[in-house]
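The values are calculated or read from the model by the stated rules, or taken from the named source; none is laboratory data. Since this is a predicted model, take the numbers as computed values, not measurements. All Cβ positions, even for glycine, are placed from backbone atoms using ideal geometry, and neighbour counts span all protein chains on display. To get the accessible areas, we keep the full protein, side chains included, count just its heavy atoms, and leave off ligands, DNA and RNA. Shrake-Rupley method; radii C 1.70, N 1.55, O 1.52, S 1.80 Å.
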Amino acid sequence: MVVVRNLSKWYGAHQVLHNVSMEVNRSEVLCIIGPSGSGKSTLLRCVNFLEDFAEGEVRVGGRLLGYREDLKGRRVPDSRENVARVRRGISMVFQQFNLWPHLSVLENVAQPLVVVQRKPRAEAEAKARQVLDRVGLAAKLDAYPNQLSGGQQQRVGIARALAIDPELILFDEPTSALDPELVGEVLQVIKRLADDGLTMVVVTHEMGFAAQVADRVIFIDHGAIVEQGPPQTLFRNPGSERLAQFLETWV
Ligand code: ADP
Ligand code: MG
């Protein structure tokens, strides 16, 4: 579903991703863990082409993202239409929920479908109802974001991500902004989506969740993949001092 090959990215002179290669298979849950500032968000944003990258390639469903080869085999920026076409199947859920405060829960989910996908309003609202039901918010359609708990707000964020029927959902620390007692309900929703076979990449500091839900875990440090493998292996037998230390501070 996703193939990243030799991806490198710089911010000015500062290299934040070093030759990253990874794959995500269909219906797989990949968790990315690593210290703050190690490049997790940047990697996720490259996979969604919210960031461009200087070297390497990202393929989603076999299609190159962001760049293409010209007739002479040189790497050139792809057309906006092609980029948009590849990105269409990818949703992202952020740490901050980014809900519109002046729109109801239903409208927060339906509105992007009307504006971006040009769906008729009735159809958009039907879809919004369906995905809000899926995240357990069928009773909150008319509420406004400030009437919801943080966990409920993030579930609206997840519903919004689901509404486009994505092939892939990228989660960037979806529970980091939540009070501890609200983390569980959001992870539960994400776990249910995993059980339904959605393909997802989850950047998280919730090691218990990663251990339970991830098919594979990638540990990234200083912009490079240090280790990857099934959670049982990584968490029980870290193969590097850096991961062992990281786990000690987080678990
Ligand atoms: P993580 O998500 O693992 O905490 P990030 O991907 O956010 O890490 O950041 C990786 C590195 O890139 C950090 O050193 C950070 O300071 C730097 N960085 C992130 N975004 C930008 C930006 N827009 N401009 C310059 N540097 C950035
Ligand atoms: Mg981050």
| field | Qualifying residues in segment 144-184 (those that are in a helix (DSSP H, G or I) and of a type in the set (S, T, N, Q)) - the one most open to solvent (accessible area, probe 1.4 Å) | value | Asn146
| field | Within segment 25-117, strands (runs of 3 or more DSSP E) holding 2 or more residues that are of a type outside the set (Asp, Glu), within 28 Å of Leu187 (Cβ to Cβ) and more than 16 Å from ligand 2 (Cβ to nearest atom) | value | 55-60, 90-93
| task | Determine, yes or no, whether Ile225 is open to solvent by less than 50 Å² (accessible area, probe 1.4 Å), touching an Asp or Glu at 6+ places or on another chain (Cβ under 8 Å) and not charged (D, E, K, R). | result | no
| From the options Pro112, Pro174, residue that is touching a helix residue (DSSP H, G or I) at 6+ places or on another chain (Cβ under 7 Å), at pLDDT below 95 and either more than 24 Å from Ile32 (Cβ to Cβ) or not hydroxyl-bearing (Ser, Thr, Tyr) (or both) | Pro112
| task | Might you check whether a residue that is open to solvent by 20 Å² or more (accessible area, probe 1.4 Å) and of a type outside the set (Asp, Glu) occurs anywhere in segment 105-112? | result | yes
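Within segment 30-70, restricting attention to residues that are in contact with a Pro (Cβ under 9 Å, 6 or more places away or on another chain) and farther than 26 Å from Leu234 by Cα, which residue is farthest from ligand 1 (Cβ to nearest atom)?
Out of the qualifying residues, it is Arg68.
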